[in-house]
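The values are calculated or read from the model by the stated rules, or taken from the named source; none is laboratory data. Remember, it's a predicted structure, so these values are computed and weren't measured experimentally. Methodologically, a virtual Cβ is constructed for each residue, glycine included, from the backbone with ideal geometry; neighbour enumeration extends over all protein chains shown. With ligands, DNA and RNA removed, areas are computed over all heavy atoms of the protein, side chains included. Shrake-Rupley method; radii C 1.70, N 1.55, O 1.52, S 1.80 Å.
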There are 2 protein chains.
Amino acid sequence: MNELIETLTTIVGKNHVLTGMDLDDYEQDWRRRARGKALCVVRPGSTQEVALVVNACAVVGASIVPQGGNTGLVGGSIPNSSGTQVVMSLRRMTTVRSIDPENMTITVEAGCVLQSVQEVVDSHGFLFPLSLGAEGSCTIGGNLASNAGGTQVLRYGNARDLCLGVEVVTPQGDVWDGLSGLRKDNTGYDLRDLFVGSEGTLGVITAATMKLYPKPAAQLTAWAALASLEDANRLLGLARRHLGSCLTGFEVMNRFALHLVDKHFPHLRVPMWREHAWCVLIEISDNESEAHARGLFEGLLEIAFERGLVADAIIAESLKQMHDLWHIRESITLAQTAEGFNVKHDISVPISLIPEFVRETDTALATAFPSLRFVNFGHMGDGNLHYNIQVPEGCDAKEFVQTNEERISTIVYDTVSKYRGSISAEHGVGELKLDKLVHYKSNVALNLMRAIKSAFDPRNTLNPGRVLKSNR
Amino acid sequence: MNELIETLTTIVGKNHVLTGMDLDDYEQDWRRRARGKALCVVRPGSTQEVALVVNACAVVGASIVPQGGNTGLVGGSIPNSSGTQVVMSLRRMTTVRSIDPENMTITVEAGCVLQSVQEVVDSHGFLFPLSLGAEGSCTIGGNLASNAGGTQVLRYGNARDLCLGVEVVTPQGDVWDGLSGLRKDNTGYDLRDLFVGSEGTLGVITAATMKLYPKPAAQLTAWAALASLEDANRLLGLARRHLGSCLTGFEVMNRFALHLVDKHFPHLRVPMWREHAWCVLIEISDNESEAHARGLFEGLLEIAFERGLVADAIIAESLKQMHDLWHIRESITLAQTAEGFNVKHDISVPISLIPEFVRETDTALATAFPSLRFVNFGHMGDGNLHYNIQVPEGCDAKEFVQTNEERISTIVYDTVSKYRGSISAEHGVGELKLDKLVHYKSNVALNLMRAIKSAFDPRNTLNPGRVLKSNR
């Protein structure tokens with residue numbers, strides 16, 4: 001394999017082929033639950049270099065793990081343990097190739113960090129609405145490869161919806177220039193959406209043209225307490241009618257999730273959680289003014305109070321209060337970590353079925369494992385829940401998880417499947433959910449996916465064994 | 001082939017295998033420019049019957065042309081002239097399988113006529129926003145197979161964007177149940193979007209789950225006169241900022257297009273066209289009230305007047321006036337037909353480049369063909385123009401078109417290509433643009449498309465020779 005490293009060095013220069021040193025950042029996953037061993041890390045600086053690297057690897061039968069910010073949660077962007085895979089980091093490709101204000105598009109290279117794209121766009125007077133926890137580290141290429149979601153999907157859609165075109169290096173080392181700034185293009189199969197969400201298994205996304213939006217005149221956040229998920233659903237329906245497309249986010253949190261935040265981060269002053277089973281965080285973006293946004297919100301909450309849907313509510317009075325409320329929502333994961341070992345699920349079901357799904361899953365789990373603690377929160381407006389489990393108090397948490405994680409997840413996923421939901425709403429498949437996918441996805445779908453993989457990448461050069469199992 | 005017809009009769013019943021009779025509706029295209037000859041027309045009544053039909057044809061090597069309302073404009077849904085193809089009409093599959101108000105989705109079978117879906121959804125208090133000229137005849141299956149656009153794409157997206165899931169019969173006769181009501185699902189490759197827009201060449205869409213929207217409280221239309229496309233672009237940018245996501249449509253029409261409407265349908269009373277080079281039709285949907293919508297519009301037009309972008313404008317005072325204005329826009333095509341032979345193009349370019357594109361194409365055409373007349377109109381908000389040509393006055397129109405159509409289109413498409421546009425924005429490829437696609441699309445993209453077709457349909461059972469050429 002030394003010969004391959006030499007070839008790669010010729011392509012990208014010796015400073016950009018890393019080997020025999022500390023490669024933690026590239027070999028270990030974001031949650032530090034998995035670690036692989038790479039032959040080397042190669043850091044191409046241009047699309048042409050990416051193409052040459054792919055070709056060089058394909059020729060000698062080496063496989064490549066494309067990597068952006070390496071913030072994925074399903075082990076899809078780290079090498080396996082063989083020590084033979086080449087990690088290809090796109091992080092050097094950070095050029096903003098163009099901004100077109102009249103077309104409301106930006107074309108960026110794959111290695112651009114999401115937050116830096118948000119900032120560039122903001123400085124041009126526009127909004128790039130993709131927003132998620134890892135935005136300070138994750139890259140646009142990774143966002144697209146995993147079809148990232150986040151907190152504004154309800155209004156603006158996920159990464160797929162924000163993408164108009166991609167530039168891709170195929171497993172053969174060809175460059176497909178699909179960088180289109182077009183809103184409409186019906187000239188053949190939708191290759192763009194095939195690459196988006198394929199987790200680096202069908203091609204390497206090297207650049208993308210993304211949609212921009214006008215900056216809203218105002219953003220406003222409300223926090224409301226509710227008695228049940230049924231009420232949350234009714235409130236969501238009301239909000240969609242009353243706020244129209246101004247409705248930007250609708251997040252739900254159960255009492256125990258907020259209790260954990262209150263317990264571990266008491267300075268965050270979580271409102272309303274003690275007296276109510278559920279709280280929701282509602283966000284609107286308004287293109288008129290803050291006063292108009294406030295009027296809309298007040299109108300919504302007035303009706304909601306009248307109908308008995310909402311027990312208590314506040315509208316953020318300042319930008320600081322708005323950030324504080326979001327900070328509570330975003331601290332749930334950290335509070336879970338502080339509390340100790342847990343089991344996480346990123347699932348979706350049709351929005352209408354959320355209350356029934358949660359009731360049935362809670363009951364099934366509580367029957368199998370008395371005194372489990374349910375941390376339930378997520379993007380209710382998208383039907384996407386982070387249905388997580390905190391182990392019973394007082395037990396050996398690590399052992400409990402090791403012994404029971406599989407059985408717990410099976411109960412959750414079986415119920416998801418019964419409700420025609422998804423076992424991975426926004427995190428993807430990667431390595432973590434490979435077996436689950438085979439179990440829960442239909443054979444017809446799996447065979448179509450396998451046919452695509454074989455047709456695009458017969459030598460299994462790109463990220464083998466992710467999304468789909470491989471013999472390699 | 002009589003054996004196949006017998007088998008098909010066994011599957012769907014003898015009333016639903018049509019042969020040896022008048023098959024005009026199935027064998028001739030919407031614009032009556034092309035006609036084929038079918039072995040027979042088979043009309044399955046269920047997904048299971050579709051699967052059996054596909055299987056029966058595949059086994060004996062017969063090919064199938066799936067057909068919905070047969071309103072396509074690129075000859076993709078009629079049989080070729082061989083007399084050996086089976087036309088499979090989905091029009092009997094008209095069941096509305098379910099409506100889920102809380103999930104805001106409807107699941108319908110492929111043969112449902114678009115307008116009937118709009119009406120069912122309306123009767124449940126929601127909006128299904130896909131809207132196009134052929135909506136009284138076209139079917140949801142056809143809309144999805146061709147990724148239909150229409151007049152509300154700017155706000156709600158095209159057919160692809162409105163679709164959450166599809167049920168598909170594969171070329172092997174398997175049924176893929178991808179009828180998902182999920183907003184988020186990252187479990188593998190995006191098969192849905194691969195079938196959507198594939199024009200029946202990869203699978204037969206038998207049902208779909210589509211997104212619904214709250215009915216807007218008010219819809220309002222304005223008509224404005226402008227001096228140039230540059231001003232139209234500035235007005236569009238202003239409208240996007242000022243109206244936010246209320247902006248639903250932004251249609252542009254040149255003077256000659258409106259002159260033709262005025263000439264052939266004088267009772268329509270086209271406003272403002274004589275004195276101004278361009279008119280635009282702007283539509284907004286408002287979730288608050290008509291008064292609020294009117295206020296937004298007045299605010300926008302005030303700024304536009306101040307900046308000198310708009311020379312004259314009216315806001316429709318009644319529903320009738322609104323329909324009248326839209327009727328003018330929709331009569332351009334009929335006025336072109338009344339005027340005589342013409343050459344049509346359905347193209348898109350980045351919105352920012354529209355003025356430059358039109359100037360350059362007009363000039364190139366006028367140089368090559370003095371006294372050509374330019375009918376230019378379309379969905380400017382989507383970057384989609386129907387850049388059409390009316391032959392010079394006084395010439396033998398039919399002969400002129402026959403002699404020069406190819407050269408005219410080449411000039412148009414070459415310029416489209418130079419501006420990184422699409423030679424088929426919303427109509428698709430079908431048979432009509434097969435050769436053009438090979439010329440204007442990159443080999444990398446074409447090879448990826450061919451790889452998908454071969455992987456999904458190695459026997460070339462479904463709609464061979466459409467989208468991609470076949471040896472068959």
message = Show the residue pairs meeting these rules: Cβ distance below 7 Å; 6+ apart or different chains; first residue within the range B:171-200 and more than 7 Å from every other protein chain (Cβ to nearest Cβ); second residue open to solvent by 20 Å² or more (accessible area, probe 1.4 Å) and small (Gly, Ala, Ser).
response = B:GLU199/B:ALA145; B:GLU199/B:SER146; B:GLY200/B:ALA145
request  = Give just the number: which of (1) within 23 Å of A:ASP177 (Cα to Cα); (2) touching a helix residue (DSSP H, G or I) at 6+ places or on another chain (Cβ under 6 Å); (3) of a type outside the set (D, E, K, R) does A:VAL86 not satisfy?
outcome  = (1)
message = Please count how many residues of the range B:61-75 are modelled with pLDDT under 95 and either outside any loop (DSSP other than H, G, I, E, B) or open to solvent by less than 20 Å² (accessible area, probe 1.4 Å) (or both).
response = 2
ask   = What tally of residues in the range A:454-472 results from selecting those that are under 27 Å from B:VAL444 (Cβ atoms), more than 8 Å from every other protein chain (Cβ to nearest Cβ) and under 24 Å from the mean Cα position of the chain (by Cα)?
value = 5
key: Residue within the range B:132-141 that is over 15 Å from B:GLY68 (Cα atoms) and open to solvent by less than 40 Å² (accessible area, probe 1.4 Å) present   = no
query = So A:HIS276 clears everything in (1) closer than 16 Å to A:PRO355 by Cβ; (2) within 14 Å of chain B (Cβ to nearest Cβ) except one condition, right? Which one?
reply = (2)
ask   = Is it fair to say B:PRO458 is in a loop (DSSP other than H, G, I, E, B) and at pLDDT 95 or above?
value = yes
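On the given criteria, is A:ASP177 closer than 30 Å to B:LEU468 by Cβ, surrounded by fewer than 24 Cβ atoms within 10 Å (Cβ to Cβ) and not small (Gly, Ala, Ser)? Write out each step before concluding.
Values: closer than 30 Å to B:LEU468 by Cβ: yes; surrounded by fewer than 24 Cβ atoms within 10 Å (Cβ to Cβ): yes; not small (Gly, Ala, Ser): yes.
When the stated conditions are applied, A:ASP177 passes them.
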Subset of the range A:204-232 [in a helix (DSSP H, G or I) and either open to solvent by 30 Å² or more (accessible area, probe 1.4 Å) or of a type outside the set (D, E, K, R) (or both)] = A:LEU229, A:GLU230, A:ALA232
task = Return the residue satisfying two criteria in turn: it lies in the range B:260-306 and is open to solvent by 20 Å² or more (accessible area, probe 1.4 Å) and among the polar types (S, T, N, Q), and of such residues it is modelled with the highest pLDDT.
result = B:SER289
request  = For the range A:414-453, enumerate the residues that are more than 9 Å from chain B (Cβ to nearest Cβ), over 12 Å from B:GLY188 (Cα atoms) and among the hydrophobic types (A, V, I, L, M, F, W, C).
outcome  = A:VAL416, A:LEU432
request  = Taking only the range B:416-435 into account, find how many residues are buried (at least 19 other Cβ atoms within 10 Å of the Cβ) and charged (D, E, K, R).
outcome  = 3
message = Scan the range B:401-411 and tell me whether some residue there is part of a strand (DSSP E or B), among the charged types (D, E, K, R) and out of contact with any Lys or Arg (no Cβ under 7 Å at 6 or more places or on another chain).
response = no
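I need the helices (runs of 4 or more DSSP H) fully contained in the range A:316-370, keeping only those with at least 1 residues that are within 14 Å of another protein chain (Cβ to nearest Cβ) and open to solvent by 40 Å² or more (accessible area, probe 1.4 Å).
On the way: elements: A:319-330, A:332-339, A:354-368.
Fully inside the range A:316-370 and qualifying: A:354-368.
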Odd one out for A:VAL401 among (1) surrounded by fewer than 20 Cβ atoms within 10 Å (Cβ to Cβ); (2) under 30 Å from A:SER245 (Cα atoms) = (2)
request  = List the number of the failed condition for B:THR201; all other conditions in (1) crowded, with 24+ Cβ neighbours inside 10 Å; (2) assigned to a strand (DSSP E or B) hold.
outcome  = (2)
inquiry  = Of the conditions (1) crowded, with 16+ Cβ neighbours inside 10 Å; (2) in contact with a Lys or Arg (Cβ under 8 Å, 6 or more places away or on another chain); (3) over 26 Å from B:ILE284 (Cβ atoms), B:ASN384 satisfies every one except a single condition; which number is it?
reply    = (3)
inquiry  = Can you list residue pairs whose Cβ atoms sit under 6 Å apart, with the first residue in the range A:1-22 being without any contact (Cβ under 8 Å) to a residue 24 or more places away in the chain and under 13 Å from A:ARG43 (Cβ atoms) and the second being not charged (D, E, K, R) and not in a helix (DSSP H, G or I)? Count only pairs 6 or more apart in sequence or on different chains.
reply    = A:THR9/A:VAL17; A:THR19/A:CYS40
ask   = Do you know which residues across the range A:268-311 are touching a His at 6+ places or on another chain (Cβ under 9 Å) and part of a strand (DSSP E or B)?
value = A:ASP286
inquiry  = Name the residue that is nearest to the other protein chains (Cβ to nearest Cβ), counting only residues in the range A:92-108 that are buried (at least 24 other Cβ atoms within 10 Å of the Cβ) and more than 11 Å from A:GLY181 (Cα to Cα).
reply    = A:VAL108
Checklist (1) open to solvent by 40 Å² or more (accessible area, probe 1.4 Å); (2) without any contact (Cβ under 8 Å) to a residue 40 or more places away in the chain applied to B:GLN118, failing item = (1)
ask   = Would it be correct to say that B:ILE11 is open to solvent by less than 70 Å² (accessible area, probe 1.4 Å) and either in contact with a Ser or Thr (Cβ under 8 Å, 6 or more places away or on another chain) or small (Gly, Ala, Ser) (or both)?
value = no
message = Can you find a residue that is at pLDDT below 95 and farther than 30 Å from B:ILE347 by Cα anywhere in the range B:22-37?
response = yes
remark   = Counting only residues in the range B:121-131 that are over 16 Å from B:SER146 (Cβ atoms) and away from chain A (no Cβ under 14 Å), the one surrounded by the fewest Cβ atoms within 10 Å (Cβ to Cβ) is identified as B:SER123
query = In the range B:240-253, is there at least one residue being within 16 Å of B:LEU385 (Cβ to Cβ), in contact with a Leu (Cβ under 8 Å, 6 or more places away or on another chain), charged (D, E, K, R) and crowded, with 23+ Cβ neighbours inside 10 Å?
reply = yes
request  = Output the residues belonging to the range A:14-45 that are open to solvent by 20 Å² or more (accessible area, probe 1.4 Å) and under 12 Å from A:MET88 (Cα atoms).
outcome  = A:HIS16, A:LEU18, A:TYR26, A:LEU39, A:ARG43, A:GLY45
key: Search result, residues across the range B:403-439 that are among the polar types (S, T, N, Q) and either more than 20 Å from the chain's Cα centre (by Cα) or closer than 12 Å to B:LYS344 by Cα (or both)   = B:THR403, B:ASN404, B:SER409, B:THR410, B:THR415, B:SER417, B:SER424
ask   = How many residues does the range A:143-168 contain that are over 18 Å from A:GLY133 (Cβ atoms), more than 10 Å from chain B (Cβ to nearest Cβ) and among the hydrophobic types (A, V, I, L, M, F, W, C)?
value = 2
